[in-house]
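**Student:** Starting off with a structure, shown below.
The values are calculated or read from the model by the stated rules, or taken from the named source; none is laboratory data. From a predicted model like this one, the values you see are computed outputs, not experimental measurements. Heads up, the Cβs are rebuilt from the backbone with ideal geometry, glycines too, and the neighbour counts pull from every protein chain shown. Surface areas here come from the heavy atoms of the whole protein model, side chains and all, with no ligands, DNA or RNA. Shrake-Rupley method; radii C 1.70, N 1.55, O 1.52, S 1.80 Å.
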Amino acid sequence: MENNAKSRKVYSNINPYFFFVMTFLITVVLYSFDFSEFNVSLGTKVITFLIIAMVLNFILYLCFRKQWSDAALKAQKNNGRQSVNTYTLWAIVFLGLGIADILYSHGIPLLGQVNYKEYGFPTIHVLMVVCDSFLLLSIAKTFFLTKVRRLQLLCTAGIALLPLLFGLSRGTIVILLLGILMLFLLTLRKKITIKVGVVIGLLLLFGLYLFGITGNYRMNHDYGHTENLTESSLILSIGKATNKFTDSNIPKPFYWTYIYATSPIANFRYNTELSSPTASTANIGEFLVTNFFPDFISKRIYPTYEDDYQAWLVTNEFTVTTAFTLPYTFLGWMGVCVFLIYVLLFPIVYLELIRKFAPGYFDLALVLTSTIYVLMPFSNFFSFSALSMQLFLPFICGLFSQKKSIKQNYEREEA
């Protein structure tokens, strides 16, 4: 009996449906703390919808947990030893593009020399960020799965990270760190010990604190405000922090995390109260493109959609509105339900295609999809190009891997 217990297989919880449930649940709990004057009662409709969405996602998590966990394990076994020199070469290429961005923009956002929204070559910068982020995930995967040339892998990762740091891409870096954390948990393949759990928890707290510090730095610079970066007075004022928070012993930079986590649901609730859009066939095409295509594409097809379907905000500084708000502004609750159906079906279709055409990259595809779902309480990352366009890269890499394998087999037959 003991041997059977020890050999019992542990399935990974790295699963998009699992993260959808967990992040929405955590966000709603945080919202209930009433640390901001913006966080009033969500209302019956919003609460009912969130409960239904979480229940459906949890059911699908139970259905696909084993299957996707096994597919990820096979991908790690079959594709865990990539060429470190190839990684280094690509890292240098992306660093070169990052330097070209600096020259083109005459400065870098990190030093406050240029606004990050106007930084970099049009189009090329987006593609570089997409490919560079995927490269860093691939490096992390190889680092976790092998013990060979780890120092070179770390140096290569440092080179590849520089272009993202130049652009002060906080959102992209946070997304990347989430993906790396998921890859680490995916490679454990055993129950997390208390020690590992504590270390992960401390690193997460440090990361959230650093997120607040960098937020204070950028806001102080934008507003010409001078104060210690730990004070956070601007974000406390803008976020309408209640005495319940300001009088607490919680370090004030953590308010960035709280307000970023809860203001999107506050905005969603605000829209459901202030407007009642009705479904119309006239804007179905625009609804589909803007919600389900990367904004790199949709902004070129419908350049004015953000103004035409602008969401109501509890305050102009907090523009993040959950993945369900834009569908609501288009078609009301019908738009929300259509988007939820897409959320439920997308992982099943996409990951099945990965299993068929790029099985060696299933673990990376699973992590990318899970990252989109863990961030869904904050925004629609199906339309965020820096993340959603990475979903195509496993197919491209899988295609080249197949060609390389065919070529090697052919050369062996010829020999």
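**Student:** Per residue of region 374-386, what does 6.51 cos²θ - 1.76 cosθ + 1.60 with θ = phi - 60° give for ³J(HN,Hα)? Whole Hz please, x for Gly and Pro, Karplus curve as stated.
**Tutor:** Each residue of region 374-386 in turn: 5, 9, 5, x, 9, 6, 8, 8, 5, 9, 8, 4, 4 Hz.
**Student:** Okay, moving on. Could you give the length gained on full extension between PHE184 and ASN243, defined as 0.36 nm per residue of separation minus the Cα-Cα distance, in nm?
**Tutor:** Difference between extended and current length: 17.4 nm.
**Student:** Expressed as a whole percentage, what fraction of the accessible surface of the chain belongs to carbon and sulfur atoms when a 1.4 Å probe is rolled over the protein heavy atoms?
**Tutor:** 65 percent
**Student:** Convert each backbone phi in region 251-267 into a coupling constant with the Karplus relation 6.51 cos²θ - 1.76 cosθ + 1.60 (shift: θ = phi - 60°), then list the ³J(HN,Hα) values in order as whole Hz, x for Gly and Pro.
**Tutor:** x, 4, x, 5, 5, 4, 5, 4, 6, 5, 6, 9, 4, x, 5, 4, 5
**Student:** I want to check the label-to-label distance for GLU227 and SER275. Put each point 7 Å from Cα in the C-beta direction and report it in nm to one decimal.
**Tutor:** Using points 7 Å along Cα→Cβ, the separation is 3.3 nm.
**Student:** Give the long-range amide H neighbours of SER36: residues separated by 5 or more places, or on another chain, with amide H under 5 Å away, using H modelled in the peptide plane at 1.01 Å from N.
**Tutor:** THR242
**Student:** Have a look at GLY171, GLY96, GLY197 and tell me which one the Gaussian network model of the chain (Cα, springs below 10 Å) gives the largest fluctuation.
**Tutor:** Answer for the Gaussian network model of the chain: GLY197.
**Student:** I'd like the distance separating the alpha-carbon centroids of region 342-361 and region 301-328, in whole Å.
**Tutor:** Result: 29 Å between the Cα centres.
**Student:** Give, in nm to one decimal, the length gained when the segment between ARG355 and LEU210 is fully stretched (0.36 nm per residue of separation minus the Cα-Cα distance).
**Tutor:** Separation in residues times 0.36 nm, less the Cα-Cα distance, equals 48.5 nm.
**Student:** Find the accessible area per residue for the chain; the probe is 1.4 Å, ligands and nucleic acids are left out, and the unit is Å².
**Tutor:** Averaged over the residues of the chain, the accessible area is 52 Å².
**Student:** Ok, one more. Express the relative contact order of region 147-274 as a whole percentage, based on alpha carbon pairs under 8 Å and six or more residues apart in sequence.
**Tutor:** Relative contact order, region 147-274: 20 percent.
**Student:** Pairing the Cα long axis of helix 333-357 with the longest principal axis of the chain, what angle in degrees results, from 0 to 90 and rounded to the nearest 10?
**Tutor:** It is inclined by approximately 10 degrees.
**Student:** For labels at PHE58 and LEU202 in the simple 7 Å Cα→Cβ model, what's the distance in nm?
**Tutor:** 3.3 nm
**Student:** Another question, then. Rounded to whole Hz and in sequence order, give me ³J(HN,Hα) for region 91-106 from the Karplus expression 6.51 cos²θ - 1.76 cosθ + 1.60, θ = phi - 60°, writing x for Gly and Pro.
**Tutor:** In residue order, the calculated couplings are 4, 5, 4, 5, 5, x, 5, x, 5, 4, 4, 4, 5, 5, 8, 6 Hz.
**Student:** First check a/c for region 145-226, with a ≥ b ≥ c the square roots of the eigenvalues of its C-alpha gyration tensor; if it is under 1.5, answer rounded, and if not, answer prolate when a/b is larger than b/c or oblate otherwise.
**Tutor:** oblate
**Student:** What 222 nm value per residue comes from the helices of the chain, counting each DSSP H run with n ≥ 4 as -39,500 (n - 2.57) and dividing by all residues, nearest 500 deg cm²/dmol?
**Tutor:** After summing the helix terms and dividing by the residues of the chain, the value is -23000 deg cm²/dmol.
**Student:** Highest GNM mean-square fluctuation, the chain, Cα pairs closer than 10 Å: which of ARG65, ARG355, ARG150?
**Tutor:** Per the Cα network of the chain with a 10 Å cutoff, ARG150 tops the list.
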